[in-house]
Structures are given as C-alpha cells and as structure tokens.
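Comments concern the structure below.
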C-alpha cells in the first residue's frame, strides 16, 4: 500500500471545504460546507459533519483514506478548519463563556508582553485543542452496511465503522478535561497539558525558563476556569435478538460519546452508531496487569435512533393497492400469525391465539348493551419453550410485562435487587422511568415492599 501524502491531502481537504457545492432546484450553487464554516466562525454552530458521499464525489481515494484512518483525518480536518475560520468571520463574535474571556485576555497579554524572538517551551504555548471551539464528525457513506457487534473484529481497528444494536445502559453526562491549565506559584507563568485519554497524571514542576534558570522549583496549581472541558457520556450497546445465533448470548460494546453526540440515546433505544473502533489505552499498573490483551470501544461520531420515526401514525396511513391485495388472499390469517415472533420456530396454534388476543374477541350484546369480548390465555409447558418470550412480545400492558420479569427473577424467593430488575428490563427494551413507575404502582397495591435505600423489593 502506497504511503499517503498528508500535505497534499490537507490541500485537497481545504479545497473541498471551500469549493464543494450543490445546485438547488433553481439552479443556484449552494456551498454546503462554506455556509457551515461561517456559522462555526460566528459560534452559531458547534458540530460540523462531513458527509463521506460528498467527499467521495470530490475525491474517491481521499474518502477511502478517511474510512481506513478516521482518527488521523479527523485531526487533519480539524486543523484545516481552524486555519480557514478567520477568513470566514464576517462580524465580531462576543464572548459566550468564561473560557472565551480567558482566551481573549491571554492572547492580548501574550501579544503585549512576549518578545517575538523569544523561544518558549511547548507546554507554555497555547495548544490547538484549547483554541478550537468546534467539533468534527463524519457521516458514513449511504452504501455502508450496519454491522452487528459480533461482526466488528480486529480488522476494523482505527476505521470508521457502523454498528446497530440496542442501548442497555448510559451514564450521566459529565465534564471531561481536554486541556489542563496550571499556574506557577513562583513565576506566575501558565502551563498547558493536553489530555487525550480517560486518565492523566498532573504536572507538578514548572517548565518555564524563569524557574529553570533561577532554579526556583516553582509548583504548579490547576486552574479549573482556564482549563477546557467537553461533555462526556458512556453507553453500553447490545446486539438485537435477531443478530444472536441460536445457543449464543448477546454481545455488548462500549460507546464513548463526546461533545454534541451526547444525550442522543436512552436505555431501550434501538440505535445505529457510526464511529471509530479503537483499543482502550491504559496506563500504570492497569496496563501492566492487562498484558497483551486490550479492551475496545467505539468513539461515536454519529448516533441515529431508529425507533423514533413517529411522523405518520397508523390512523393517517392509507392502505396501498398491494396491501389490499395481500389482505384478500386466502392464507392471510396463517401468514399474519407466522409473522408474530418470527425468530421463534413453530408454535403456530399459540401464535394464532396471541393474534386473536391482540385483535380482540367477538362482541357481546347482553340486554342490548355492547361489550367487547375478552380472550384470556394461559401457556403451560416445559421450561425453555419460549412461553415467556411469546407472552412478553405481545402483552400490551407494560406493567404486566415488567411484573412477569420481576416474578421470573424472584423465582422461589421473595427478595429481588432493583439493580437486577433494571438490567433485565432495559435489556428487554423498557425505559428506567417505566420500571420505576411499575415498582411504585405495585407497592401501592401491597404486592411487594421497597426498602428505605430503594435497592431491594420484597414480596408481601
């Protein structure tokens, strides 16, 4: 494989961002990324997403290089955008937060005090990460197929990968330090430490020329207001049930979200995540005991929830002629029954009964009063024949389904941990607030009792 010329790629990226355009309905040229650069320069937009379909149309080999070495090219795109932004600024931008004021003040003081001919340590100069107030993400090609978690292997390390699954757990959004700023107690100079991993070792000794020449041994103290933080969230994603082979357990993957990609999904959401598949970098004793093996994660660039397409309801949708023809066929009843839980083989009679349970029974008119017929079902059989799965897929009442899960976890005992209930229910697709509501409802009905720390329930 030929070595890439990154200097030439930088020029191609600069040309692509500045000149790539599309024609609208009126035939006018719309500069897709030029307009976004103007918003970035005016601080009206934070995330700029590069569509790889556009990049492939402009330069196909460059788009393939971005897919194969995504993390490197994300940094190159970021550097090129930072270089182009001053030329796209059309008006003066006012400071929006404390870090803006800090950067503006430090640049003014640095230009006033510092000698242009003076050489200084790299740690005493402003790092590029501190000055950039935007984020870069990539949208995969439209022809890219979403993989299951078990299909993502070592060959995808460092590449832009698309994975489909269900979110089982997500942490709260926390600030993550990107650049640590320190102040010396002797000379007053500032030291900057870029942080590129999940952990870092703080700097204690001042590296400035004043302290080094005078041997003052100044101590550094962290300045929180001068440091840069970004939003950080960790997701746990699991395979869909249709992606798990028979006899296997679902696999999971860790997804790390930063900046504008956070708060895009909740537990129970079915998502398609595009990002860079990377190994988890450890340091110190954790790296020593880890040995040659390494944990992996997906650095998210784009998250799409595929279960939130509620634009058109069933009442507003009209049947097409093909659908009407399907309804008129003789074996429609049997085909409709087999479409329920297709991953469960057989049980056609049970599926027909569940179909009738969903649709409803025959209307009754005792004494001229119309009453909808009720159908009750009780499944009995050997363990492991998909009784609970069939009922769980089709029972419309959320509380009943959660109660069945709790009863299954309890078994012959009377106490169940709420953490285990949350894990099982989120795996089944329920949201945490639905589980909490069900626990409170059944506690009011004296079915079970919740302890004071809300960690365990006990059946009455």
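Each residue in the range 22-44 was checked for being surrounded by fewer than 10 Cβ atoms within 10 Å (Cβ to Cβ) and either part of a loop (DSSP other than H, G, I, E, B) or at pLDDT 85 or above (or both), and 5 of them qualify. Residue check: is residue 176 assigned to a strand (DSSP E or B), over 22 Å from residue 132 (Cβ atoms) and in contact (Cβ under 8 Å) with a residue 60 or more places away in the chain? Answer is no for this residue. Consider residue 13 carefully, then state whether it is surrounded by 15 or more Cβ atoms within 10 Å (Cβ to Cβ) and in a helix (DSSP H, G or I). Yes: the conditions hold for residue 13.
When we screen 60, 44, 11, 19 for residues that are closer than 23 Å to residue 161 by Cα and out of contact with any strand residue (DSSP E or B) (no Cβ under 7 Å at 6 or more places or on another chain), the only hit is 60. Taken over the range 141-182, the criterion of being exposed (fewer than 14 other Cβ atoms within 10 Å of the Cβ) and in contact with a helix residue (DSSP H, G or I) (Cβ under 7 Å, 6 or more places away or on another chain) is satisfied by 142 alone.
Residue-wise test of (1) at pLDDT 85 or above; (2) over 30 Å from residue 196 (Cα atoms); (3) surrounded by 10 or more Cβ atoms within 10 Å (Cβ to Cβ); (4) out of contact with any strand residue (DSSP E or B) (no Cβ under 9 Å at 6 or more places or on another chain).
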| residue | (1), (2), (3), (4) |
| --- | --- |
| 298 | yes, no, yes, no |
| 309 | no, yes, no, yes |
| 314 | no, yes, no, yes |
| 321 | no, yes, no, yes |
| 351 | yes, yes, yes, yes |
| 358 | no, yes, yes, yes |
| 363 | no, yes, no, no |
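Among the residues of the range 45-93, just one is out of contact with any helix residue (DSSP H, G or I) (no Cβ under 6 Å at 6 or more places or on another chain), modelled with pLDDT under 90, under 26 Å from residue 23 (Cα atoms) and not in a helix (DSSP H, G or I), namely 90.
The values are calculated or read from the model by the stated rules, or taken from the named source; none is laboratory data. Model, not experiment: these values are computed from the prediction. Glycine also receives a Cβ, built like all others from the backbone with ideal geometry; neighbour counts cover every protein chain displayed.
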